[in-house]
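One structure is given here, and the rest of the page talks about it.
The values are calculated or read from the model by the stated rules, or taken from the named source; none is laboratory data. Predicted model only: the values in this text are computed from it and were never measured. Note: ideal-geometry Cβ built from the backbone for every residue, glycine included; neighbour counts use all protein chains shown.
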Amino acid sequence: MTDVVIHSPAYYLHNFLEPYEPFINSLITRLTDFVNNSLTNEIAIHILEIIQKSSQADFVFVLGDRGEDNWVIKSQNYLAEDIEEDAYLENLKSIIFPIIFDKSVFHPGHHGSYKTYKTKNGIVKALVVIPLQSPQKAEVMVVCGLKQDSYLLGDAFGRILSSFYQACHKKPLEPALVEAIILDDLKRDFGFVSASLHQKRFQLFRERLQRMIVFFEPVLHLDPEDLFISGWEALARNPDSLTAPSDLFEAAELWRHDFMIELDRYFLIVATKSYLEARQRAKQNRSHDIVPLSVNVYPESLMQTAYFETVRQILKDKVISPRNLILEISEKAEVPHYKDGIRLKYPLKTFKNKLLEYVRKFQIRFAIDDFGVGYSSVSRLAGLNPCHVKIDREILHHRTSEIIIRFVHELVGANNLNPSNVIVEGVDETTPISLHRLKEIGVNYIQGHIVGKPKPEIYRLSFDKAELLRKLLLENKSM
């Protein structure tokens, strides 16, 4: 007798966060409506109103500790007309306060506690107490009147509401940012999220990425007789605050892989295009006027075909020439240990071989960024053979900064590089080591606000700036 084989589709194992997706969507949809239509400043009340309606609770309020366990209501939503507030709260005091006074609600292993109770009508319901801050400055949210068998009575509910509440108090109030914070916190706390939540976070990430702009920071050739801008580093900036979009980098490092690749591909495209446009505005189109552009990239991205092809297309379109493109590998991220889901036997060797493929096919150069922090090591530097090495600004504030800088020079020299190709980052007026001293110990390139702050334009070093830097270079005293 022949066995009958029935072909049916395979299904992924369901993630425990999937039931919470409609709840998160409800929070963000109601928040969006509030932001778009609100004419009131009573944000705190409306945040609790959104929580109450989305969780189908009776009442939501926030308690704050004034000290010595003197808890007071800081904010609350409006109760339904058929609920008497004073009687309702009086009935729940015997449940809420023992939870708070026991301090177990602030246990780091979970995001809240719950208890069931009977209403005057004999209906069994549940209330949840969620910590919002540490016990030293304690606040808790109390959500009353959930169904006793509600799927919301799980740890994720406390995490979601805590994230939502705290994110809603950041300015400006942006629903997309609030949703991103919720999803990041779930990923951070629980490790795995559902496929649809991952996809939603990726969509938010891409939308946020589209708003990013590029500024350029100069690299200075440090010689009193020959001061000039030798290159530029492309830096990502928020269009509103003009600060670094740290949330993008944090999200990429949290979610990794497709987030990192998307960030690096998009940034490479925008950075090289912006550099071309900036050169055209500055009328720097002759080949001898053009200096190299450094663009940061995660090691993870360099291993991926999508990034490789993006580099190929940019060079093919002549957005930038190969000799003027330097990819700076961040030392804050480790070399990938997996390729296509398979663990690499020799990660550094595999990574180096990939870099050699870039060099052979595109004739571009690589550099090491942030040396001295994260995953930087002697073996890693020796194995990658970069065109230059950047010493992280944090090193300048160590008592042993001069010893470290000398060591990096010796290491670079031993790696068959020109020791002058060491760049010290983050040099400004507050740096505890002077330009004169940096030059004395062999530093030939610096980068930082003392040279010029990041700007959307590129330029030549002005006469006044050159004279100031020349004076600092010749003065034998601290800045």
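Numbers for the structure displayed
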| quantity | calculated |
| --- | --- |
| Some residue of the stretch 351-369 being among the acidic types (Asp, Glu) and within 28 Å of the chain's Cα centre (by Cα) | yes |
| Residue within the stretch 271-283 that is under 28 Å from Lys200 (Cα atoms) and more than 16 Å from the chain's Cα centre (by Cα) present | yes |
| Unique residue being assigned by TED's automatic domain parsing to the domain that holds Ser26, small (Gly, Ala, Ser) and over 24 Å from Pro22 (Cα atoms) when the list is Ala138, Ala167 | Ala138 |
| Subset tally (residues that are assigned to a helix (DSSP H, G or I) and more than 13 Å from Glu429 (Cβ to Cβ)) for the stretch 441-479 | 9 |
| Candidates Tyr298, Tyr346, Tyr307, Tyr338, filtered to the one that is out of contact with any Leu (no Cβ under 7 Å at 6 or more places or on another chain), of a type in the set (Phe, Trp, Tyr) and surrounded by fewer than 21 Cβ atoms within 10 Å (Cβ to Cβ) | Tyr346 |
| Candidates Gly154, Gly145, filtered to the one that is assigned by TED's automatic domain parsing to the domain that holds Phe23, at positive phi and not aliphatic (A, V, I, L, M) | Gly145 |
| Residue within the stretch 249-256 that is more than 16 Å from Ser301 (Cβ to Cβ), in contact with an Asp or Glu (Cβ under 7 Å, 6 or more places away or on another chain) and in the same structural domain as Phe215 (by TED's automatic domain parsing) present | no |
| Filtered residues of the stretch 157-194 (kept if outside any helix (DSSP H, G or I), closer than 23 Å to Val140 by Cβ and either aliphatic (A, V, I, L, M) or touching a Ser or Thr at 6+ places or on another chain (Cβ under 8 Å) (or both)) | Leu173 |
| All positions within the stretch 221-246 that are in contact (Cβ under 8 Å) with a residue 60 or more places away in the chain and more than 26 Å from Leu469 (Cα to Cα) | Arg237 |
| Helices (runs of 4 or more DSSP H) completely within the stretch 290-392 that count 3 or more residues being over 23 Å from Lys273 (Cα atoms) and at pLDDT 85 or above | 347-362 |
| All positions within the stretch 195-246 that are out of contact with any helix residue (DSSP H, G or I) (no Cβ under 9 Å at 6 or more places or on another chain), part of a loop (DSSP other than H, G, I, E, B) and within 30 Å of Ile441 (Cα to Cα) | Asp226 |
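Let's see how each residue does on (1) in a helix (DSSP H, G or I); (2) in the same structural domain as Leu132 (by TED's automatic domain parsing); (3) modelled with pLDDT of 90 or more; (4) among the basic types (Lys, Arg):
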| position | (1), (2), (3), (4) |
| --- | --- |
| Arg30 | yes, yes, yes, yes |
| Phe34 | yes, yes, yes, no |
| Leu48 | yes, yes, yes, no |
| Ala57 | no, yes, yes, no |
| Glu68 | no, yes, no, no |
